[in-house]
1. For the pair ALA41 and ILE66, what calculated FRET efficiency results from E = 1/(1 + (r/R0)^6), where r is the Cβ-Cβ distance and R0 = 35 Å, to the nearest 0.05?
2. State the number of lysine pairs found in the chain whose Cα atoms come within less than 24 Å, restricting to pairs 8 or more positions apart or on distinct chains.
3. For the ranges 48-55, 36-43, what's the packing order if you count other beta-carbon atoms within 10 Å of each residue, average per peptide, and put the highest first?
4. Treat each spin label as a single point 7 Å out from the Cα along the C-beta direction, and report the GLU27 to MET49 distance in nm.
5. Expressed as a whole percentage, what fraction of the accessible surface of the chain belongs to carbon and sulfur atoms when a 1.4 Å probe is rolled over the protein heavy atoms?
6. May I ask for the Rg/Rh ratio of the chain, computed from Cα atoms with Rh as the Kirkwood radius, given to two decimals?
7. Write down the accessible area per residue of the chain in Å², having rolled a 1.4 Å probe over the full set of protein chains.
8. Would you calculate a helix-derived [θ] at 222 nm for the chain, using -39,500 (n - 2.57) for each DSSP H run of n ≥ 4 and dividing by the full residue count, to the nearest 500?
Amino acid sequence: MNYIFFRNKLQDTFIEKWVEYMNRSVEMKEINEKWLPNYYAEDRPISLMGHLDMEKNAGFKDIDIIWKYYGFAVCKAEKL
């Protein structure tokens, strides 16, 4: 699996929901001119399963997902 960049219809849905959330307090012009270009230039999302695989391959144990909402998640893992 390519962990460098993950983009598909699901990721596009995550972006749409993020834009909807930001648009509650930020004008669309700012979102389109500042936030989205920065996101595409700096972020390299991977699937949640890809992220969990990387944690496992790095030696983490007892990996769990505490919370998930669209493209955001909180994971717990231990490395002894």
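The values are calculated or read from the model by the stated rules, or taken from the named source; none is laboratory data. What you see is a predicted model; the values in this text were computed from it and never measured. All Cβ positions, glycine included, derive from the backbone under ideal geometry; neighbour counts span all protein chains shown. These accessible areas exclude ligands, DNA and RNA; they are computed on the full protein's heavy atoms, side chains included. Shrake-Rupley method; radii C 1.70, N 1.55, O 1.52, S 1.80 Å.
1. Calculated transfer efficiency: 0.75.
2. 14
3. 48-55, 36-43
4. 4.3 nm
5. Exposed carbon and sulfur together represent 55 percent of the surface.
6. Answer for the chain: 1.05.
7. Result: 79 Å² per residue.
8. It lands at -11500 deg cm²/dmol.
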